Amino acid sequence: VIPSEIDGAAVTHIDDRIFSGTDVISVTIPSTVTSLYDQTTFIGCTTLERIDVDPDNTAYSSIDGVLFQGDRLLVVPAAYPVSDYTVPDGTASLNMFILQDNTTVRSITIPSSVTSIDPTSFTTGCKLEEIVVDPDNTAYSSIDGVLCSKDGTRLISVPNGMTGGYTVPE
């Protein structure tokens, strides 16, 4: 649990790579934290299974141990204990490096509500094998487990853990 204050001063910011190299399994963010390096705070913390946020925090939240900022998914912990992760409906965007160092999630399902995905969301150390997009999504689709634009004219992300051959569609 991150303290809400240190020497009488409120903890409002969490620095870059603060958990790198630790064996931390869970992190609880207090209500006082209003900023953190969302794409790099948890880099290198390969044992992290969950991130919880105090319900009174107005800047961040967590759903089932996954970190959000408003309707933007920030981080799925590196050791998140599921192999198939479904992004909650109502999520609008996926941050860069959401699966940084993640070796547990093999498949991710993206709901129709997602309209913005950073192209680096599924890169850098993750073992993702498949990206599935809800057919009702108006911005994205998946072709054979690869993230594409809705019309299929643009390949956006090939999962790092995909093995074997892949044929780029016409």
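When F42 is tested against (1) open to solvent by less than 60 Å² (accessible area, probe 1.4 Å); (2) modelled with pLDDT of 90 or more, only condition (2) is not met. Among the strands (runs of 3 or more DSSP E) confined to the stretch 127-170, the ones with at least 2 residues that are closer than 21 Å to V82 by Cα and either at pLDDT 95 or above or out of contact with any Lys or Arg (no Cβ under 6 Å at 6 or more places or on another chain) (or both) are located at 130-133, 146-149.
Kindly establish whether S93 is buried (at least 17 other Cβ atoms within 10 Å of the Cβ), closer than 25 Å to M162 by Cα and of a type outside the set (V, I, T). When the stated conditions are applied, S93 passes them.
Residue pairs whose Cβ atoms lie under 6 Å apart, separated by 6 or more positions or on different chains, with the first residue in the stretch 69-83 and part of a loop (DSSP other than H, G, I, E, B) and the second open to solvent by less than 50 Å² (accessible area, probe 1.4 Å) and of a type in the set (D, E, K, R), are A78/D101.
Among the residues of the stretch 80-101, those that are within 12 Å of the chain's Cα centre (by Cα) and more than 21 Å from D134 (Cβ to Cβ) comprise M96, F97, Q100, D101.
Please find, among V168, V146, V114, V133, the residue that is open to solvent by 80 Å² or more (accessible area, probe 1.4 Å) and hydrophobic (A, V, I, L, M, F, W, C). The unique qualifying residue is V168.
The values are calculated or read from the model by the stated rules, or taken from the named source; none is laboratory data. Predicted model, so just to flag it, every value in this text is computed and none were measured. A quick note on method: Cβ atoms are made from the backbone with ideal geometry, for glycine too, and the neighbour counts reach across all protein chains shown. Side chains included, ligands, DNA and RNA excluded: accessible areas come from the protein's heavy atoms. Shrake-Rupley method; radii C 1.70, N 1.55, O 1.52, S 1.80 Å.
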